[in-house]
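The values are calculated or read from the model by the stated rules, or taken from the named source; none is laboratory data. Keep in mind the model is a prediction, meaning the values are calculated, not measured. Cβ sites come from the backbone with ideal geometry, for glycine too, and all protein chains shown count toward neighbours. The accessibility values were calculated without ligands, DNA or RNA, using every heavy atom of the protein model including side chains. Shrake-Rupley method; radii C 1.70, N 1.55, O 1.52, S 1.80 Å.
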Amino acid sequence: MKKLLLIMLSVSLLTSCGEGSKSKRIVSASSGNINNLQVIIDSELWLSRIGDELREVFSAEVVGLPQQEPLFSIRQMPPIVFTGFATKNRTILKIERDKPADTKFLKDVYATPQSVVVISGNSAKEIIAEINKHAERIISTFKATEIKEKQRRMAKSLLNDKSIEETLGITIKPSSAYRIAKQEGNFFWLRRDIDNGDANLMIYEMPLDAVSDGENAINDIIKMRDSIGKVHIPGPIEGSYMITEEAYTPFLNTTIIDNKPAFETKSTWEVKDAFMAGPFVNYAVKDEVNNRLIVLEGFVFAPSKSKRDYIFELEAIIRTLKIK
């Protein structure tokens, strides 16, 4: 009798464990370099019009950089070898032919965190139409995944300095690789050394009406950042300072930072009367409760080096902003 009860108990435990494993699927951690996109597609299709369209959309030039650099570094892989460790990439775009036209957005299919987009169609025309229809959402989804991952990595070792919080009433989470290079009143300049240059972050506040909502917004932003550069960012020779490069038309967009509306400006900077230049990304966040703008700008100086990932890192830091 005791033996029978023991067998029944064992079966019960095994059954309950099996049910539990179905309700809570465990996947391993994702991997890969930041901004690396894995595209799962037959090699034949990759060399066709479909592949051309994928490269045009997802290897498009990053706005605001002085040289051409792609949105994502793409690695193409045929479905037959998409197994095991290859499935652990954080961002995956899969193309399936001879299926109804559709685009699926999936999370944590093979690993976590992970964003998987599956595009299907019965013909090249249908697949290309799906790519173009959902391109903006796909790029935003992959970019959000990569920003979150970059923020997670930086959070392992954060800059420990309360002066920004005490002075401006905000919190922000740069990695400990950054240091406060300059503080004057409510202006902060953070820097970190990189190969043959530096990555920089400026943080300051301005009156809420310093940037208008109309057509003059971009002119107001240029005027604002040039005035800050003249006062706080000197060049290598006497009388020189950082300004907005006139040769390029800045890219202006609106976005949301800390659930607040913000102007996003991307372009290139230069030093007046000196041969120094690089990309910048500027966010002017509307803090209407305190009747001010919180301005955060990342800029990079790295001659002859790729700058995409440095600007991306600065954007990831800026998007950790919390206004008290």
Leaving out ligands and nucleic acids, and using a 1.4 Å probe, what accessible area per residue does region 105-228 come to in Å²?
49
Compute the Cα gyration tensor for region 172-286, then decide on rounded, prolate or oblate, letting a ≥ b ≥ c be the square roots of its eigenvalues: rounded whenever a/c is under 1.5, prolate when a/b is larger than b/c in the other cases, and oblate in all that remain.
oblate
Entries in Lys150/Lys173; Lys104/Lys260; Lys223/Lys286; Lys99/Lys125; Lys94/Lys260 that, when Cα-Cα distance is taken, lie over 23 Å:
Lys104/Lys260; Lys94/Lys260
Size of the dipole of the chain about the Cα centre, Lys and Arg at +1 and Asp and Glu at -1 on the beta carbon, nothing else charged, in debye to 20?
1960
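Report the calculated FRET efficiency for Ser28 and Glu238 (r = Cβ-Cβ distance, R0 = 45 Å), to the nearest 0.05.
Details: r = 57 Å, r/R0 = 1.27.
E(calc), rounded to 0.05, equals 0.20.
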14 Å beta-carbon shell around Ala274, net charge (K/R +1, D/E -1):
-2
Can you give the convex hull volume per residue for the Cα atoms of the chain, as a whole number of Å³?
204
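Work out the length of the dipole vector of region 67-130 about its Cα centre, built from +1 on the beta-carbon of each Lys and Arg and -1 on the beta-carbon of each Asp and Glu, and round it to the nearest 20 debye.
On the way: 9 positive and 7 negative charges, 36 e Å.
For this selection, approximately 180 debye.
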Tell me which of Asn196, Ala181, Ser120 sits at the most positive position along the dipole axis of region 113-241, charges placed on C-beta atoms (Lys, Arg +1; Asp, Glu -1).
Ser120
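Return the percentage of antiparallel bridges among DSSP beta bridges fully within the chain, rounded to the nearest 5 %.
The antiparallel proportion sits near 75 percent.
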Could you compute how much accessible surface Leu252 exposes when probed at 1.4 Å, giving the result in Å² to the nearest 10?
70
Using helices alone, I'd like the mean residue ellipticity at 222 nm for the chain: each DSSP H run of four-plus residues gives -39500 (n - 2.57), total over residue count, nearest 500.
-10000 deg cm²/dmol
Using a Förster distance of 22 Å, how high is the FRET efficiency between Asp98 and Ser73, based on the Cβ-Cβ distance and rounded to 0.05?
0.15
Rounded to a whole %, the carbon-and-sulfur portion of the accessible area of the chain at a 1.4 Å probe is 53
Computed over region 36-83, Cα set: Rg, Dmax in Å
12.1, 39
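Can you name the helices of the chain, as whole DSSP H runs, whose Cα span along the helix axis is 30 Å or more and whose Kyte-Doolittle mean is not below -1.0? List each step's numbers first, then the result.
Details: long enough: 2-23 (32 Å, 0.69); 124-154 (42 Å, -0.77).
The qualifying helices are 2-23, 124-154.
Using the crude model of +1 on Lys and Arg Cβ and -1 on Asp and Glu Cβ, and no other charge, please compute the dipole size for region 265-324 relative to its Cα centre, in debye to 20.
Details: 10 positive and 8 negative charges, 31 e Å.
Dipole of region 265-324, to the nearest 20 debye: 140 debye.
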Round to the nearest 0.05 the FRET efficiency obtained for Glu184 and Val81 when R0 = 56 Å and r is the Cβ-Cβ distance.
0.50
Please compute the length gained on full extension between Lys272 and Glu246, using 0.36 nm multiplied by the number of residues separating them and subtracting their Cα-Cα distance.
8.3 nm
Express in nm, to one decimal, how much length is gained between Ile139 and Ala302 on full extension, taking 0.36 nm for each residue of separation and deducting their alpha carbon distance.
56.1 nm
